[in-house]
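Here the structure comes first, spelled out in structure tokens, and everything after it is commentary.
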Amino acid sequence: MAVNFFTEDTKFDLKQKRLIKKWLKDLATKEGFTISELNYIFCSDEYLHTINLEYLNHDTYTDIITFDNSEALEEIEGDIFISIDRVKENATTEKQSFQLETIRVLSHGLLHLCGYKDKTKEEAKVMRNKEDESIQLFQDLESSK
């Protein structure tokens, strides 16, 4: 299992990397998956906007774009791009801490790779519930260390 963290076009240092890697592995296992290789790339709004235009033909800013590279059904392999600028803004808008919003978006990308969608209202509701469960799993893990 490999979970990797990179930065592009931004300065960002993810805290608690070992704990987050364990949490992501636990989360994948809970959903019936194993992680083969999972890359999180933290970047700026502009960097992610360029990816959104180039690969998805969407001229919008977003907090996350997930690319599924999996070849096996229950195996996760993917690249998840996260705009730190969007995460900061979302944390302010949602009146959450930056750390909590970061955990939410990390789980969001992994949940996409587990097959969860968020295009319809119902899908978005299920996704939000799964994110909340994921945050609780992280907080339980954090408090038990």
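Quick look at the numbers
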{"item": "Checklist (1) among the charged types (D, E, K, R); (2) within 16 Å of the chain's Cα centre (by Cα); (3) within 20 Å of LEU48 (Cα to Cα) applied to LYS119, failing item", "result": "(2)"}
{"item": "Candidate set: the range 126-145, residues that are in a helix (DSSP H, G or I) and of a type in the set (Lys, Arg); chosen: the one nearest to ILE84 (Cα to Cα)", "result": "ARG128"}
{"item": "Residue pairs meeting the criteria (Cβ under 6 Å; at least 6 apart or on separate chains; first closer than 19 Å to THR66 by Cβ, in the range 116-145; second β-branched (Val, Ile, Thr))", "result": "ILE135/ILE103; PHE138/ILE103"}
{"item": "Exclusive hit being modelled with pLDDT of 95 or more and under 12 Å from LEU27 (Cβ atoms), set LEU106, LEU100", "result": "LEU106"}
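The values are calculated or read from the model by the stated rules, or taken from the named source; none is laboratory data. Please read these numbers as outputs of a predicted model, since none were measured by experiment. We place every Cβ from the backbone using ideal geometry, glycine too, and count neighbours over all the protein chains shown.
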